[in-house]
1. Take residue B:32 and decide whether it is in contact with a Ser or Thr (Cβ under 7 Å, 6 or more places away or on another chain), within 14 Å of another protein chain (Cβ to nearest Cβ), assigned to a helix (DSSP H, G or I) and surrounded by 13 or more Cβ atoms within 10 Å (Cβ to Cβ).
2. I'd like the full set of residues that are surrounded by fewer than 16 Cβ atoms within 10 Å (Cβ to Cβ), touching a residue at least 40 places away in the same chain (Cβ under 8 Å) and in a helix (DSSP H, G or I), limited to region A:236-257.
3. Against the definition (at positive phi and modelled with pLDDT of 85 or more), how does residue A:93 come out, yes or no?
4. If you check residue A:27 against the conditions, is it away from every other protein chain (no Cβ under 14 Å) and within 12 Å of residue A:182 (Cα to Cα)?
5. Of (1) at pLDDT below 85; (2) out of contact with any helix residue (DSSP H, G or I) (no Cβ under 7 Å at 6 or more places or on another chain); (3) assigned to a helix (DSSP H, G or I), residue B:248 satisfies all except one. Which?
6. Mind checking which residues of region B:115-126 are in a loop (DSSP other than H, G, I, E, B) and at the interface with chain A (Cβ under 9 Å from one of its Cβ atoms)?
7. Within region A:124-171, how many residues are closer than 22 Å to residue A:259 by Cβ and crowded, with 19+ Cβ neighbours inside 10 Å?
8. Working only within region A:266-295, note down all residues that are touching a residue at least 12 places away in the same chain (Cβ under 8 Å), open to solvent by 20 Å² or more (accessible area, probe 1.4 Å) and at negative phi.
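The values are calculated or read from the model by the stated rules, or taken from the named source; none is laboratory data. What you are looking at is a predicted structure, and each value in this text was computed from that prediction instead of being measured. Cβ: placed from backbone, ideal geometry, glycine included. Neighbour counts: every protein chain shown. SASA here: full protein model, heavy atoms, side chains in, ligands and nucleic acids out. Shrake-Rupley method; radii C 1.70, N 1.55, O 1.52, S 1.80 Å.
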Amino acid sequence: MQYATETEVAAAGQHVRSLTKALNGVLFGQESLIDQVVIGILARGHILLEGLPGLGKTELVKGLSRSLQLDSKRVQFTPDLLPGDITGNPVLQEIDGRREFVFQPGPLFANIVLADEINRASPKTQSALLEAMQERRVTVLGKTHDLPRPFFVLATQNPIELEGTYPLPEAQLDRFLFKLEVTRNSVETLERIVNHRELGTDPEVHPIMDQPALESLLELVRRIYLPEVVANYIARVVDATHPGQSAASRGIRYGASPRAALSLASAAKARALMHDRTHASFEDVKAIAPAVLRHRIVLEYNARIEGLGTAEILTALLDSVPFQALNTPRTLKTADA
Amino acid sequence: MKSSDAEGQWRKLAARVSRVINIGWWVEMLAAPVLLAGMLGGCAALWLRHELPLVAGQLGAAAAGLFLLAAAVAWVRARRHFESPGSSLVRLEASMHLSNALSAAAAGVCPWPEPPAHASAGLTWRWPRLLVPPVAALTLLAAGIFLPVSKGGNLPVAPPEPLAWRQIKADITQLDEDKTIDPAYLEEVSKKLEGLRARQPEEWFSHASLEATDQLKQSHQAEANRLETELQRGERALNSLQNQAKAMPEAERARLLNEFDQALEGMREGAMQPNKELLQQLGNLDPAGIPQLNQEQLNQLRENMRKAAGELAKAGGDKAGQNGGGDPSEEWNDELLAGDGKGEGQGQGQGEGQGEGQGNGPGQGGIGRGPGTSPNLLGKNSVDFAAGDAQALQSQDLSRTLPGDLLEIQDGKHDVDQSAAGVRSGGLISGSGSGGDEIWKEPLDPDEQNAVGRFFR
């Protein structure tokens with residue numbers, strides 16, 4: 001494979017920076033979140049956003065679609081939403097004097113789909129969406145329909161209103177590249193929002209790139225070099241999430257899957273591109289590991305009783321796994337020791 | 001900077017880091033064997049020095065060999081932990097936060113970054129862990145090599161030779177230095193002494209050896225005394241002949257001449273003879289013509305004789321009586337053995353030596369002391385009470401008195417105040433307290449006060 005060159009990376013970095021700048025103009029004070037959303041997009045991943053209502057999740061997705069000049073759809077998930085409501089339904093139509101079922105594409109047929117409050121839909125509908133996320137195609141009445149490329153799902157869920165919800169099973173959560181937590185804004189950010197926004201009006205977003213440019217960016221991410229030592233680090237981090245594989249895994253019931261390792265590698269490459277590098281690094285992996293792993297590990301009941309959270313366990317786990325598998329003799333002291 | 005130069009520098013740095021880490025592993029693996037070798041080596045050195053006549057150099061060489069062996073074993077054990085320069089390159093980039101630029105450059109994905117002025121893998125030595133084992137091992141080894149240790153039982157250790165030998169040897173040496181005695185005699189005595197010393201050390205204190213030693217010593221002392229006596233006799237005769245020959249009657253002069261001749265003959269007959277020069281001078285002397293001889297020469301001759309007699313007195317004469325004899329006034333400070341006073345240091349006629357004076361005390365022992373137990377060996381003899389004799393005992397130990405025992409009889413009177421006093425009236429206290437006077441007296445002792453306090457509490 002031809003690895004990405006510095007020139008290509010530098011040019012792509014300009015585009016990515018422009019994109020993040022545009023999104024920062026849409027969503028104030030969420031630079032880290034925006035960076036991670038952009039990384040998720042560059043890594044061709046689906047993103048689960050968790051946060052309270054009104055924090056700008058929908059605005060972010062809309063801004064993203066406008067800046068990328070991509071087709072976007074929003075689906076408000078409710079318990080009575082049926083799979084056909086999102087995938088599309090065959091409709092009986094009269095064509096040339098004959099009645100035929102014609103497939104009417106649903107909202108999934110868009111480049112960016114905002115699945116709002118995904119945990120309110122029934123498992124049946126969730127499954128239909130998650131299948132589409134994985135296969136990037138839908139099958140209706142025995143006929144398969146490819147989804148447009150690129151295809152991203154940005155789902156949201158509310159962490160507090162759990163009544164009448166259907167929490168996503170772990171196997172389905174695994175299909176999301178990132179689970180990002182949208183936090184509340186600081187006073188300064190709120191002041192900035194009040195000064196620069198009007199209720200009921202959309203922020204002005206200029207297009208940054210078109211679909212082919214985005215496609216070439218996504219292709220470039222694939223060509224980012226992943227050193228063997230970094231791949232080894234990813235493998236060891238994922239392995240350490242399993243019970244008994246590390247001291248920090250105490251309290252974890254189920255660890256991360258191989259898909260998590262692939263997601264880490266892909267996200268690390270995307271982050272490297274964002275930082276104008278032709279190669280991924282340990283730091284990239286460590287930076288995006290919480291977003292990749294936090295929804296992929298299942299804690300033990302006892303750990304929850306003890307008040308241990310996923311964030312604490314992941315922090316300890318990442319601190320305990322060294323970049324290299326090599327040991328240092330006890331006659332020497334390392335700088336981080 | 002060219003990329004190849006940068007690559008060379010980075011690879012050199014990685015090789016250096018790799019070396020440091022590998023040495024660290026080696027030292028870590030070496031610590032336990034070195035410490036163990038130090039302990040065992042120290043103990044072995046002590047044992048070897050105790051058993052064999054080894055020198056520090058040999059032990060040091062053995063210790064160095066032991067260290068080399070331990071180093072080789074540690075190297076073999078540490079090899080499986082050794083780090084390649086490639087791995088050290090990754091360690092460098094991780095430590096310097098280079099975002100794996102070196103790995104990517106090594107893969108040819110990007111150019112080598114320019115090496116900084118001070119590149120470091122963030123490794124520092126843990127000096128206590130590094131130094132304590134070898135220092136402890138060296139200390140143990142040095143202790144084993146240099147600590148003073150007694151020689152072992154396998155080594156032939158000569159026991160101290162009998163005291164009499166040293167005395168005889170000292171006498172011979174002294175007489176030899178003074179040139180008083182004919183060297184032939186001294187050689188003969190020395191030969192006898194060496195013959196005794198040539199025996200096995202275990203036999204030095206055997207009965208036969210001690211008897212032979214005693215015999216040699218006695219004969220030597222007897223010879224010395226004899227020669228001393230002869231010299232004194234000759235000197236006295238010569239003195240009288242020199243100073244009073246003209247005034248003395250002929251019979252007396254003949255007696256003195258005869259005495260001088262006998263003395264001279266006595267000197268010649270004994271095993272111990274004066275030195276040849278003195279003997280020749282005395283032999284060449286014509287006693288009949290003494291008054292006509294040079295007075296200074298005569299004085300010198302007499303002086304030589306006196307001196308020789310004095311030396312002989314030192315050599316043997318004044319030691320007479322050491323065994324069994326001695327000065328009656330010799331120090332004998334043990335009160336238990338004090339006996340009835342001084343002058344009891346003489347044997348009962350069976351002791352050795354030529355001591356003068358008489359006494360009832362024991363001698364000082366010696367193999368020629370004769371059979372039987374020395375009296376008063378264990379102290380003063382108790383009074384031999386005959387059975388049935390009554391004797392009053394006086395006890396000063398009042399702790400053992402019984403009721404009814406009379407302790408003391410004393411004449412005395414009651415101590416009555418005889419001063420005249422009239423009738424006194426009670427009532428008011430006439431004196432008032434002043435500063436420092438005791439105005440209140442506690443009638444209870446502390447324990448009673450505490451008891452009262454507890455009761456009221």
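1. It is false that residue B:32 is in contact with a Ser or Thr (Cβ under 7 Å, 6 or more places away or on another chain), within 14 Å of another protein chain (Cβ to nearest Cβ), assigned to a helix (DSSP H, G or I) and surrounded by 13 or more Cβ atoms within 10 Å (Cβ to Cβ).
2. Once the filter is applied, which keeps residues that are surrounded by fewer than 16 Cβ atoms within 10 Å (Cβ to Cβ), touching a residue at least 40 places away in the same chain (Cβ under 8 Å) and in a helix (DSSP H, G or I), region A:236-257 yields only A:247.
3. no
4. Yes: the conditions hold for residue A:27.
5. The failed condition is (3).
6. If the condition is that a residue be in a loop (DSSP other than H, G, I, E, B) and at the interface with chain A (Cβ under 9 Å from one of its Cβ atoms), then B:120, B:121, B:122, B:126 are the ones that fit.
7. Of the residues in that region, 16 qualify.
8. A:266, A:269, A:271, A:274, A:275, A:277, A:286, A:287, A:290, A:294
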